[in-house]
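**Student:** Can you read through this structure? Questions will come right after.
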There are 2 protein chains.
Amino acid sequence: MADIAKTLPLKRSSVQSAHENIKQHIHRTPVLTSTTLSRLASTPQSPEALAGTPFKGQAPARPKINFFFKCENYQRIGAFKIRGAFHALSKLSEEELSRGVVTHSSGNHAQALALAARTYGIPAHIVMPTISTPSKIAATQGYGAQVYFSGSTSDEREALVRDVIKDTGAVLVPPYDHPDIILGQGTMALELEEQAAELIKEDPTLSVHHTRRQATNGHADGITGSHVPAPAHLDAVIAPLGGGGMLSGIAIALDGTGTSVFGAEPSFSGADDARRGLADGKRIPAVKSLTIADGLRTPVGEIPWTIISDAAKVRGVYAVTEEQILSAMKLVVERMKVFVEPSAVVGVAVALYDEGFRRLVEREGGQEGWDVGVVLSGGNTTVEAIGKMFATSAKEGERERKGRLGRGGDRVAEDVAG
Amino acid sequence: MADIAKTLPLKRSSVQSAHENIKQHIHRTPVLTSTTLSRLASTPQSPEALAGTPFKGQAPARPKINFFFKCENYQRIGAFKIRGAFHALSKLSEEELSRGVVTHSSGNHAQALALAARTYGIPAHIVMPTISTPSKIAATQGYGAQVYFSGSTSDEREALVRDVIKDTGAVLVPPYDHPDIILGQGTMALELEEQAAELIKEDPTLSVHHTRRQATNGHADGITGSHVPAPAHLDAVIAPLGGGGMLSGIAIALDGTGTSVFGAEPSFSGADDARRGLADGKRIPAVKSLTIADGLRTPVGEIPWTIISDAAKVRGVYAVTEEQILSAMKLVVERMKVFVEPSAVVGVAVALYDEGFRRLVEREGGQEGWDVGVVLSGGNTTVEAIGKMFATSAKEGERERKGRLGRGGDRVAEDVAG
């Protein structure tokens, strides 16, 4: 891997440079809006939904939340990880490339590195836990990578990676804890801000600030008395947070733009290591969670932590339950008809169900509300896996989910992704 | 309903007129391509896949099939039916509108009429079989319609519709067997041909005919020796066929354009009534099938039959098994990340698995192959329903599906919808 001492500084211009390097290899994935999901997020939660939270007994928040979904599930390999992988390879020397690359990954990074290596015509060695999703193992092998199976602890994985390096001389491309990966993942934020601006330019009513925008543009219609110019950017972006490569990259990309950046992680059995670490003032180096958001089972990496723990760059991190993840997933899949994996929807789940976040939007966004970019990070799951997730949850949580989370009930989308 | 004697003639210009009438109310749904699905469709089936078919023991066909997917799952209410409903209402008189509308439907037409009626500010009365999908019942009620439950035979439904008409004076808007509905559904074909042309104009390599197109445009590169100009239209369009409103509308819309139109239906327990009817030379008036493609359980209507049985308008109808429908659905959902209902994928299943169709493409398309428009007609199902479909099939058919249908195995999409 490129020597960390020689990598570009972690700032917006470096993300722009990374984007130039990789854009020939990646899709500019679509940004979608959804009347239905924005309406649901702008509907107060039921008082029962606040039971067991610090907001119990208080009036539910009334935020106005207007989504712009960056659909990285439509990215090559079905997830954003291809951005970091291509950027990492673009920074290797000819000599390094000739030795091939190696990594450990339970899924999307494995496929990403395999495809990027195939594109560069070099060998890829991938260490995967034996418990990885079979479809992800098959996909990685399908891109021509050599797959090695390890136990699921990080010690076991790292030992095997060291063996592979000793045997082959391959260069390590870690899944998130490296500046080149972080800068590569951050490129999605540049596209998101640009695409949201394009959509709003084409149809100003897509922004919550359109009345003020009109006024700012000299077309005041007298309805608004505000003299504050409308922001020319998204009010916030929420991204899933596992190892933190994507979230820190997005925070760097949007630093100084006026857009607030937030992280979203699962709370199940300790996967909310970033939230806990921020509360304690120090990074938590190990996580052992089997959350259904399987891309987010890792602790935040050391370099991402330096960004994520900087409140000027990442304003906050929220955690959601398994039940909230499933509920958000059901909405995205059934209403928007967009197929996503559980890890992809933690950001939507925060906007829909985290009362702390919702109060913040109500307080700061006021009557107008916020334009909120949300990353749907990937779509690599199977219909069988989906079936199992919802078969289990249907039995255990049906009544509870309906009562607590079921705003909109079972209604099918009227207005889907537009 | 508008008197049939007064409706527009069933021809292309009437579809264009219908499109003008409804386009303010509908989405111009996206047309997507998929490198992965086109590659799979252009890969010969295994010899085992032909066992039990008339092609058993013969060499599998080697067609080149290049898909353009018209994604009506992203339509309002999640299915194409909204087109016909809005067109039907646009043709009613003020007096008729004031009486409200009534229909019987097991699903998407019910929601479509309910939403169109709400838009027009008139009452909608919907007769649904008690066995309808709960999400579809809830959605219909969610649009403000009055739902009446009947038994599942057509006699029972029709009796209840007559009762509602007697009680309320409402005007009947049938789900498919009426010229206004047919012309409305046909509007999607106008968009599909226009959008495919736009995509190909932007990136000529998206068409299988791009080499010839270049030659035709005076940029001959010497690779092709052909002097036949490239067609300026899709070679074929395949659409699902239940009552036949959509298929006959598409056939009328594309009549005279040079695009061949084909129908696709499920074969399970007699749902292939159109194919059987065409073989016998007469329409089959009743069907009793519980195919998973629940939108396609109805017999072809009388008026659609006049179009579908005209070989100059519809070149052929093919039928696919439940297993083939599930396999196509798995590919569309997992590879393209596009969430669809089973009825939506019968056209894709024909292109992937019907050896008769594949031989036709090989024979007529030759080395270049065909640009094939396929309608993905709707996306109104639930994650729980998907879970059940694939849980059952996983147990019963896993080995068989892998052996016979599993081209590409379990690989996750490299290049998804673009």
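The values are calculated or read from the model by the stated rules, or taken from the named source; none is laboratory data. Everything numeric here is computed off the predicted structure, so don't read it as measured data. FYI the Cβ positions are ideal-geometry reconstructions off the backbone, even for glycines, and counts take in every protein chain you see.
**Student:** Any residue in the range A:63-82 that is surrounded by fewer than 23 Cβ atoms within 10 Å (Cβ to Cβ), at pLDDT 95 or above and farther than 30 Å from A:A124 by Cβ?
**Tutor:** Yes; the residues of the range A:63-82 include at least one that is surrounded by fewer than 23 Cβ atoms within 10 Å (Cβ to Cβ), at pLDDT 95 or above and farther than 30 Å from A:A124 by Cβ.
**Student:** Also: For the range B:8-26, what are the residues that are surrounded by 19 or more Cβ atoms within 10 Å (Cβ to Cβ) and not in a helix (DSSP H, G or I)?
**Tutor:** B:L10, B:I26
**Student:** Which condition breaks for A:R162 when tested against (1) part of a helix (DSSP H, G or I); (2) out of contact with any helix residue (DSSP H, G or I) (no Cβ under 6 Å at 6 or more places or on another chain); (3) buried (at least 17 other Cβ atoms within 10 Å of the Cβ)?
**Tutor:** For A:R162, the failing item is (3).
**Student:** Say we look at the range A:289-315 and pick out the residues that are without any contact (Cβ under 8 Å) to a residue 24 or more places away in the chain and within 30 Å of A:M389 (Cα to Cα); which of these is surrounded by the fewest Cβ atoms within 10 Å (Cβ to Cβ)?
**Tutor:** So, considering only residues that are without any contact (Cβ under 8 Å) to a residue 24 or more places away in the chain and within 30 Å of A:M389 (Cα to Cα), the one surrounded by the fewest Cβ atoms within 10 Å (Cβ to Cβ) is A:L290.
**Student:** Okay, next question. I need the full set of residues from the range B:316-325 which are out of contact with any strand residue (DSSP E or B) (no Cβ under 7 Å at 6 or more places or on another chain) and crowded, with 24+ Cβ neighbours inside 10 Å, in order please.
**Tutor:** B:Q324 - this is the single residue of the range B:316-325 that is out of contact with any strand residue (DSSP E or B) (no Cβ under 7 Å at 6 or more places or on another chain) and crowded, with 24+ Cβ neighbours inside 10 Å.
A quick yes/no check of all residues on (1) at pLDDT 90 or above; (2) within 12 Å of chain B (Cβ to nearest Cβ); (3) within 16 Å of the chain's Cα centre (by Cα):
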| residue | (1), (2), (3) |
| --- | --- |
| A:F339 | yes, yes, yes |
| A:A349 | yes, no, yes |
| A:L352 | yes, no, yes |
| A:L360 | yes, no, no |
| A:W370 | yes, no, no |
| A:V383 | yes, yes, no |
| A:G406 | no, yes, no |
| A:A413 | no, yes, no |
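**Student:** Please list, ordered by first then second residue, the pairs with beta carbon atoms under 8 Å, 6 or more apart or interchain, first in the range B:67-84 and away from chain A (no Cβ under 13 Å), second among the acidic types (D, E).
**Tutor:** B:F68/B:D371; B:K70/B:E191; B:G84/B:D180
A quick yes/no check of all residues on (1) more than 13 Å from every other protein chain (Cβ to nearest Cβ); (2) in contact with a strand residue (DSSP E or B) (Cβ under 6 Å, 6 or more places away or on another chain); (3) touching a residue at least 24 places away in the same chain (Cβ under 8 Å); (4) among the acidic types (D, E):
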position	(1), (2), (3), (4)
B:A5	yes, no, no, no
B:R12	yes, no, yes, no
B:Q16	yes, no, yes, no
B:G52	yes, no, no, no
B:E96	yes, yes, yes, yes
B:V102	yes, yes, yes, no
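**Student:** Then there's this: State yes or no: is A:R335 surrounded by 21 or more Cβ atoms within 10 Å (Cβ to Cβ) and not polar (S, T, N, Q)?
**Tutor:** Yes; evaluated as a whole, the condition is true for this residue.
**Student:** Applying the selection to the range B:113-155, what residues are within 14 Å of chain A (Cβ to nearest Cβ) and on the phi > 0 side of the Ramachandran plot?
**Tutor:** Listed by number, the list holds a single entry, B:G144.
**Student:** Check every one of the helices (runs of 4 or more DSSP H) wholly within the range B:298-358 and list those with 1 or more residues that are within 25 Å of A:P134 (Cα to Cα) and in contact with a Leu (Cβ under 7 Å, 6 or more places away or on another chain).
**Tutor:** Those helices (runs of 4 or more DSSP H) span B:322-336, B:346-353.
**Student:** Specify which of the listed residues (A:G151, A:G142) is over 17 Å from A:A85 (Cβ atoms) and out of contact with any Gly (no Cβ under 7 Å at 6 or more places or on another chain).
**Tutor:** A:G151
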